[in-house]
Amino acid sequence: MTEERLEEMNRMKRHAIEHDDKPMLRIIEQAEKKTELEQSYRRTISKQNKQITALYKENKRYREALEEIVQTSITIKDYKAHSYHAELVAQKALEGEQ
């Protein structure tokens, strides 16, 4: 809610209280509740977007690690050397390194 809108809402609320306008107070309370719910919704969506972004990056890191492991299986013919390299690549991906 904008600063101006908030000031207007507070002014209307004071006026309704001063004049004991209960229907107007209920309307204002409903508007305040709606605003709180909208803000909560935006925070929830923002948090979920951050979680989705983190999962996307994690998935990308794992995919790149797997691609590197497959690619090195072509270039590194020695099984032990490839196995060691694959383990290092996988460990880095799991730890969040690139």
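Of the residues GLN91, GLN51, GLN39, the single one that is of a type outside the set (Asp, Glu) and open to solvent by less than 80 Å² (accessible area, probe 1.4 Å) is GLN39. Within segment 67-93, the residues that satisfy the criterion of being without any contact (Cβ under 8 Å) to a residue 24 or more places away in the chain, part of a helix (DSSP H, G or I) and of a type in the set (A, V, I, L, M) are ILE69, VAL70, ILE74, ALA81, ALA86, LEU88.
Conditions (1) in a helix (DSSP H, G or I); (2) of a type outside the set (S, T, N, Q); (3) open to solvent by 100 Å² or more (accessible area, probe 1.4 Å); (4) modelled with pLDDT of 95 or more, marked per residue:
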residue: MET9; (1), (2), (3), (4): yes, yes, no, no
residue: HIS15; (1), (2), (3), (4): yes, yes, yes, no
residue: GLN30; (1), (2), (3), (4): yes, no, yes, no
residue: ILE45; (1), (2), (3), (4): yes, yes, no, yes
residue: TYR56; (1), (2), (3), (4): yes, yes, yes, yes
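The values are calculated or read from the model by the stated rules, or taken from the named source; none is laboratory data. Just so we're clear, the structure is a prediction, and the values are computed from it rather than from any experiment. For neighbour counting, all protein chains shown are included, and Cβ atoms are generated from backbone atoms with ideal geometry for every residue, glycine included. The area values use the complete protein model at the heavy-atom level, side chains included, leaving out ligands, DNA and RNA. Shrake-Rupley method; radii C 1.70, N 1.55, O 1.52, S 1.80 Å.
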